[in-house]
1. Over the range 213-330, what is the percentage of antiparallel beta bridges among all DSSP beta bridges, to the nearest 5?
2. Sticking with the crude label model, points 7 Å out along Cα→Cβ, report the distance from SER312 to SER208 in nm, one decimal please.
3. Rounded to two decimals, what is the ratio between the C-alpha radius of gyration of the range 2-206 and 2.2 N^0.38 Å?
4. Using Cα pairs under 8 angstrom and six or more residues apart, how large is the relative contact order of the range 213-330, in percent?
5. Run the numbers for SER236 and ALA319: contour at 0.36 nm per residue of separation, minus the present Cα-Cα distance, in nm.
6. Using modelled amide H (1.01 Å from N, peptide plane; none on Pro or chain starts), what sits under 5 Å from the amide H of THR234, excluding residues fewer than 5 places away?
7. How many percent of all Cα-Cα pairs in the range 73-160 sit more than 17 Å apart?
8. Provide, as a two-decimal number, the C-alpha radius of gyration of the range 17-110 over 2.2 N^0.38 Å, N being how many residues it has.
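A short reminder: the numbers here are calculations on the coordinates, not readings from a lab. No experiment lies behind these values; they were computed from the predicted model shown. Here the Cβ is made from the backbone with ideal geometry for all residues, glycine too, and neighbour counts use every protein chain on show.
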Amino acid sequence: MIYTDAAAAAAAFREQIDQARRILLLTHVNPDGDAVGSLLGAAHALRDSGKEPICLLASPAPSYSLILPGAEWLEVYRRGDALPAADLIWMLDTATPDRVGAISEEHGPALLAGPLLITDHHVTNDGGGMVNLIDPSAASTADLLFRLLGAMGQPVSPAAATCLLLGVTTDTQSFQTSSTTPQTLRTSAELLEAGADLRAVINAVYFSIPESTMRLSALALSGLRREGPLFWVTVSQAQLVATGATDEATDDTVQQLQRSAGMRICALFRERVDGTVKLSLRSVPGINVAAIAQTWGGGGHTQAAGATLPMSLAEAPDAVLPLLRAALAKAP
Ligand SMILES: [Mn+2]
């Protein structure tokens, strides 16, 4: 059964959860704040109703999510591990079962063999569970899950509310995405009323940039290049080594580029250890950078895409910039 409305889905979710004791909670590989926040929010609610949730991740949680109450319950799957025994599986924020990474590669049939609950907001989710709540209009799975728990009559503790608030705020980039609606803000208000620790979430997500990341962004942005609406920077291995920054540090640099006045396309070229280049592209609506990333077998979203370029950092801008100029020339 596929529901799009939390209130309509509540009885079917309640029935499956009531019949189960051990419940395996899963989410997508490379989990983001919404994935971890939803997983832990569900885990708190299940424990509060006397169940035994098991939180299994296909890859480690982002560091900012480790401040969440219950983060110590998160287990990371290693290839070859057995699938934990459970009466019920609940998959959250995961568009398709194969997004559960190595867990689905190694235990795919087992995931679908028993009762499976799905709660998600991805438009591409085809609802392969026994009971599915899929609402693409929800700005985050955490938002949808909060409304489901409410409709199930399940109290949401302050700890659960903090986990869900982290999901709501990260998936909307702090209420900046076009998916943000009055409902998003109503849910956020109710999470605060339920005792969510907004200060802890904000500190962890927005005020915890490592010093190495700050230094790398400063180095990279000091070499900023611009041609009208086109902005780009390069990041060398030498710069990464000199600052001690991790590869993910360049996400922060890209965000800075995106915020530039007058920017319509920006690119970041990061030299990888093997001598190839990781390309990250961002654009404003109307310019599809996913199509450009596909030139090198990459992809992503229309406004945020990436690819691995089989060339040196010195060669990469000359290979990519002509395509970006062409995209700008034909953009409305
Ligand atoms: Mn999400």
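1. Roughly 75 percent of the beta bridges in the range 213-330 run antiparallel, per DSSP.
2. Spacing of the two 7 Å Cα→Cβ label points: 4.0 nm.
3. Here the Cα radius of gyration is 0.92 times the empirical estimate.
4. Relative contact order of the range 213-330: 21 percent.
5. Here the answer is 28.2 nm.
6. Residues meeting the amide H criterion: PHE269.
7. Of all Cα-Cα pairs in the range 73-160, 54 percent lie more than 17 Å apart.
8. In units of the globular-protein estimate, the range 17-110 measures up at 0.99.
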